[in-house]
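*Asks:* Provided herewith is a single structure, encoded as C-alpha cells, for subsequent inquiry.
The values are calculated or read from the model by the stated rules, or taken from the named source; none is laboratory data. Computed from a predicted model, the values in this text were never measured in an experiment. For neighbour counting, all protein chains shown are included, and Cβ atoms are generated from backbone atoms with ideal geometry for every residue, glycine included. With ligands, DNA and RNA removed, areas are computed over all heavy atoms of the protein, side chains included. Shrake-Rupley method; radii C 1.70, N 1.55, O 1.52, S 1.80 Å.
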Amino acid sequence: MSVRFLDLGRQYLALKQEIDAAISEVIQKAAFISGPYVENFERQFSEYLGVPHCIACANGTDAIEIAIEALRLPQKSEIIVPANTFIASAEAVTRCGHKVVFCDCDPSSYTISIESVQRKLTARTAAVIAVHLYGRSCDMSALRNIGDSANLKIIEDCAQAHGAAWRGRKVGTIGDIATFSFYPGKNLGAYGDAGAITTSDEDLARRVRMIANHGRIDKYNHEFEGRNSRMDGIQGAILSVKLRHLDAWIVRRREIAAAYQSGLSGTGDLVLPDQGQVNQHVFHLFVVRTKQRDALRKFLRSRDIETGVHYPISLPKLAAYAYCNQAAEPMLANEIASELLSLPIGDQMSLDESKEVIDACGEYFRNVERQG
Ligand SMILES: *Cc1c(COP(=O)(O)O)cnc(C)c1O
C-alpha cells in the first residue's frame, strides 16, 4: 500500500458536489474578488474562532505583512521570530522595514522558547511572532505576560493551526493580531492562495482592511497608499464549504496522531511530539525526531511512503539571513533541522495507512538493530 504525504484529490472527491456547486454559483454571480462570498466566509470564520474581526486577504504571507504594517510600530523595530519556521514569518518583518531577531525553539513543543524570547528582548523590541508550529499553540499565557510587561505586540502566525486552542481559547483570538494562511495544503486550504487577519481591535481591523485594499474608503477615495491583497470569491466560497468540515477533520488528524503515538512509542530513537496538556493540538504535521532521519526517510520511500521535512534549514542558516549574522549562534533549532521528519497525516488518511507507516518504521529500526 502506498501512503501519500497529503492527498488533496481524495478530499475533493469527498466534497465534490458541495465544492462544484459553490464554485459555479460564484462564477454565475461574477463575484470574483471580495464580495458576498468572501464576506460570508469572514463572518463564519470569525464566529468559528470567537473573534470580532476577520479580514480576508490574498495569502498568509501578505497577512503577516499587513498585520505588522497595521500595528504602526516604530521604524526599524526589532521583531522576534522563531528560528524554526517557514520563511514567510520572517520575510514580512523585513519587508515592513523592521529587524528580524531570531529566537530558539522549545525542546519539547518545537514552538517558540519563552526563555529564548526573554533573552532576546532589548529596548528596541516591539513585537514577537508567535508561530503555532505544526498545529500546536505556543505558550500564549507566557507570551501575553511578556507582551504586557515589556509593552510588546504579540502577532500570532496561525498558518498551521486553524482550530488549535490554548487553554480553551482558539489561536487567532489571543494575541494583538493574528494571521492565517489558506494555502491548499494547510488544514483549512483554498484552491489557490488565500489568507486572513483576525483581531479584537476595531481600529486595527479597519486599518488592516484598508491596507489590503488600496487604502480605500470608497471606490476611488483613498485615505493612504495601501496595496492589493484581496481574497477571490471562489476561494471564499470554497473555504465556507470546507469550514463546515474542519472540526471533523481535526478529529481524524488527532486519531491518526494517537495511532502514531501508541504504535511508534519505543521504536528506535524516535522522539514523538509532545501533545501538551492545556492545548488542543490540531496536527497539521506529525513531526518525529531521529538521528537517522535521512536513512529512515529513504527506507520509507522504498516502501512507497511519502514523508516531509519541516524545515531542513533553520532560518538563521539560510543564505537569505546571512546578513543577520546569527548563523553561528548555538541554537537547538539549528541542531534538530537535520533530525526532524514529518510523517504522513491528513483528514482523509485512514488508520490502515497509519498502520502501514508504523510497521515500516518498526521494520527499519529492527533492521538497524540486527545489523548493528
Ligand atoms: C504557510 C505558512 C505561511 C505562509 O502562508 P502563504 O499563504 O503560503 O503565504 C506563513 N507562516 C507559516 C508558519 C506557514 O506555514
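*Asks:* Scan region 89-106 and tell me whether some residue there is under 17 Å from the mean Cα position of the chain (by Cα), hydroxyl-bearing (Ser, Thr, Tyr) and more than 14 Å from the ligand (Cβ to nearest atom).
*Replies:* Looking through region 89-106, none of the residues is under 17 Å from the mean Cα position of the chain (by Cα), hydroxyl-bearing (Ser, Thr, Tyr) and more than 14 Å from the ligand (Cβ to nearest atom).
*Asks:* I would also like to ask the following. List every residue pair whose Cβ atoms sit under 7 Å apart, with the two residues 6 or more apart in sequence or on different chains, where the first one lies in region 94-110 and is under 23 Å from Ala337 (Cα atoms) and the second, anywhere, is open to solvent by 50 Å² or more (accessible area, probe 1.4 Å) and modelled with pLDDT of 95 or more.
*Replies:* Note: pairs meeting the criteria are Val100/Thr94.
*Asks:* Out of region 150-206, which residues are touching a Cys at 6+ places or on another chain (Cβ under 7 Å) and more than 17 Å from Arg43 (Cβ to Cβ)? Spell out the reasoning first.
*Replies:* We begin by selecting, within region 150-206, every residue touching a Cys at 6+ places or on another chain (Cβ under 7 Å); these are 171-172, 178-180, 195-198.
Those that are touching a Cys at 6+ places or on another chain (Cβ under 7 Å) and more than 17 Å from Arg43 (Cβ to Cβ): Val171, Thr179.
*Asks:* Additional query: Can you tell me which residue is nearest to Gln160 (Cα to Cα) among those in region 193-203 that are more than 9 Å from the ligand (Cβ to nearest atom) and open to solvent by 20 Å² or more (accessible area, probe 1.4 Å)? Lay out the reasoning, then the answer.
*Replies:* Narrowing region 193-203 to residues more than 9 Å from the ligand (Cβ to nearest atom): 196-203.
Adding the requirement that they be open to solvent by 20 Å² or more (accessible area, probe 1.4 Å) leaves 200-203.
Numbers: Ser200: 21, Asp201: 23, Glu202: 25, Asp203: 26 Å.
Checking each candidate, the answer is Ser200.
*Asks:* Would you point out the residue of region 125-153, among those that are of a type in the set (S, T, N, Q) and closer than 22 Å to Gln275 by Cβ, that is farthest from the ligand (Cβ to nearest atom)?
*Replies:* From region 125-153, those of a type in the set (S, T, N, Q) are 125, 137, 141, 145, 149, 151; that's our starting set.
From the residues that got through so far, the ones that are closer than 22 Å to Gln275 by Cβ too are 137, 141.
On the way: Ser137: 13, Ser141: 21 Å.
Out of the qualifying residues, it is Ser141.
*Asks:* Please go through region 349-372 and pick out each residue that is modelled with pLDDT under 95 and of a type in the set (A, V, I, L, M, F, W, C).
*Replies:* Across region 349-372, the qualifying residue is only Val368.
*Asks:* Follow-up. Have a look at Arg216, Arg209, Arg169 and point out the one that is at pLDDT below 95 and among the charged types (D, E, K, R).
*Replies:* Numbers: Arg209 fails: at pLDDT below 95; Arg169 fails: at pLDDT below 95.
The unique qualifying residue is Arg216.
*Asks:* Could you check, for region 28-36, whether at least one of its residues is in contact with a His (Cβ under 7 Å, 6 or more places away or on another chain), at pLDDT 95 or above and part of a helix (DSSP H, G or I)? Even if it seems obvious, please write down each step before you answer.
*Replies:* First, the residues of region 28-36 that are in contact with a His (Cβ under 7 Å, 6 or more places away or on another chain): none.
So far as region 28-36 goes, no, none of its residues is in contact with a His (Cβ under 7 Å, 6 or more places away or on another chain), at pLDDT 95 or above and part of a helix (DSSP H, G or I).
*Asks:* Please work out if Gly50 is closer than 30 Å to Asp201 by Cα, of a type in the set (Gly, Ala, Ser) and within 21 Å of the chain's Cα centre (by Cα).
*Replies:* Details: closer than 30 Å to Asp201 by Cα: yes; of a type in the set (Gly, Ala, Ser): yes; within 21 Å of the chain's Cα centre (by Cα): yes.
When the stated conditions are applied, Gly50 passes them.
*Asks:* Looking only at region 311-338, which residues are buried (at least 17 other Cβ atoms within 10 Å of the Cβ), under 24 Å from Leu296 (Cα atoms) and of a type in the set (S, T, N, Q)?
*Replies:* Ser314, Asn334, listed by residue number.
*Asks:* Could you tell me whether Val357 is surrounded by 19 or more Cβ atoms within 10 Å (Cβ to Cβ), in contact with a His (Cβ under 9 Å, 6 or more places away or on another chain) and under 24 Å from Asn187 (Cβ atoms)?
*Replies:* So Val357 fails the test.
*Asks:* Does Asp62 qualify as being within 15 Å of the ligand (Cβ to nearest atom) and either in contact with an Asp or Glu (Cβ under 6 Å, 6 or more places away or on another chain) or closer than 26 Å to Arg207 by Cβ (or both)?
*Replies:* On the way: within 15 Å of the ligand (Cβ to nearest atom): yes; either in contact with an Asp or Glu (Cβ under 6 Å, 6 or more places away or on another chain) or closer than 26 Å to Arg207 by Cβ (or both): yes.
Spelling it out, Asp62 is indeed within 15 Å of the ligand (Cβ to nearest atom) and either in contact with an Asp or Glu (Cβ under 6 Å, 6 or more places away or on another chain) or closer than 26 Å to Arg207 by Cβ (or both).
*Asks:* So for region 235-246 (the condition being basic (Lys, Arg), under 21 Å from the mean Cα position of the chain (by Cα), within 22 Å of Val131 (Cα to Cα) and open to solvent by 10 Å² or more (accessible area, probe 1.4 Å)), does at least one residue qualify?
*Replies:* Start the filter on region 235-246 by keeping residues that are basic (Lys, Arg), which leaves 242, 244.
Still in the list and also under 21 Å from the mean Cα position of the chain (by Cα): 242, 244.
From what's left, within 22 Å of Val131 (Cα to Cα): none.
Within region 235-246, not a single residue is basic (Lys, Arg), under 21 Å from the mean Cα position of the chain (by Cα), within 22 Å of Val131 (Cα to Cα) and open to solvent by 10 Å² or more (accessible area, probe 1.4 Å).
*Asks:* Could you list, in sequence order, all residues of region 340-354 that are surrounded by fewer than 17 Cβ atoms within 10 Å (Cβ to Cβ) and in contact with a helix residue (DSSP H, G or I) (Cβ under 7 Å, 6 or more places away or on another chain)?
*Replies:* Once the filter is applied, which keeps residues that are surrounded by fewer than 17 Cβ atoms within 10 Å (Cβ to Cβ) and in contact with a helix residue (DSSP H, G or I) (Cβ under 7 Å, 6 or more places away or on another chain), region 340-354 yields only Leu351.
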